[in-house]
1. Considering each residue of segment 84-126, count those that are among the hydroxyl-bearing types (Ser, Thr, Tyr) and assigned to a helix (DSSP H, G or I), and give that number.
2. So which residues in segment 104-123 are of a type in the set (A, V, I, L, M) and in contact (Cβ under 8 Å) with a residue 12 or more places away in the chain, if there are any at all?
3. Scan segment 95-132 for residues that are out of contact with any His (no Cβ under 6 Å at 6 or more places or on another chain), closer than 17 Å to LEU59 by Cα and open to solvent by less than 30 Å² (accessible area, probe 1.4 Å) and report the count.
4. When both residues are 6+ apart or on different chains and their Cβ atoms are under 9 Å apart, which pairs have a first residue that lies in segment 30-53 and is on the phi > 0 side of the Ramachandran plot, and a second that is modelled with pLDDT of 55 or more and loosely packed, with under 13 Cβ neighbours inside 10 Å?
5. Where the second residue is part of a loop (DSSP other than H, G, I, E, B) and of a type in the set (A, V, I, L, M) and the first is touching a residue at least 60 places away in the same chain (Cβ under 8 Å) and lies in segment 58-78, which pairs have Cβ atoms under 9 Å and are six or more apart or on separate chains?
6. Provide a single number: the residues in segment 1-44 that are in a helix (DSSP H, G or I) and open to solvent by 90 Å² or more (accessible area, probe 1.4 Å).
7. Considering only segment 79-91, state which residues are surrounded by 17 or more Cβ atoms within 10 Å (Cβ to Cβ) and in contact (Cβ under 8 Å) with a residue 24 or more places away in the chain.
Amino acid sequence: MKFSYTAITKDNKTIKGTMEATNRETVVAALNRQGARPVLVKLEGAKSGTHKWGKSVKLKDLVVFTRQLSTMVSAGVPLTRSLATLQGQTENKYFKEVISGIMKDVEGGIALADAFAKYPNVFSEVYINMVR
């Protein structure tokens, strides 16, 4: 499979390219061995963030969610309460469903990264691994 990637080198330069690999983890590992920090790795020709039924979460919504979640957790707000607040604030109906599912998983004792991993159409593997 062919993957496209964006990574940051040790001297803070952004590099982009493509790589043949069996999976995303192989691409991430190869970039790490080269001293580059992967920012985005996606399958060529795949639409990022698109669900097979056409439901999607815009990058802007994901960025706002990430910033606000980070701010609330850093301020000491419990994770489930932070997620509930963000669920109430988002306007995207599909993203509300996703956040609801994540909340239920976290309340059930599943790690946040593992809860995110259940929604690969919303959260990339790089995003999930950064949370992990």
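The values are calculated or read from the model by the stated rules, or taken from the named source; none is laboratory data. Every value quoted in this text rests on a predicted model; they were computed, and no experiment measured them. Methodologically, a virtual Cβ is constructed for each residue, glycine included, from the backbone with ideal geometry; neighbour enumeration extends over all protein chains shown. Ligands, DNA and RNA are stripped out before the accessible areas are found, and what is left, the full protein with its side chains, is counted by its heavy atoms. Shrake-Rupley method; radii C 1.70, N 1.55, O 1.52, S 1.80 Å.
1. Total meeting the criteria: 3.
2. Hits for segment 104-123 are VAL106, ALA111, LEU112, ALA113, ALA115, VAL122.
3. Of the residues in segment 95-132, 8 are out of contact with any His (no Cβ under 6 Å at 6 or more places or on another chain), closer than 17 Å to LEU59 by Cα and open to solvent by less than 30 Å² (accessible area, probe 1.4 Å).
4. So the pair list comes out as GLY35/LYS10; GLY45/LYS2; GLY49/LYS58; GLY49/LEU59.
5. LEU62/VAL122
6. So the answer is 2.
7. Residues of segment 79-91 that are surrounded by 17 or more Cβ atoms within 10 Å (Cβ to Cβ), as a first pass: 82-83, 86-87, 90.
Correct list: THR90 only.
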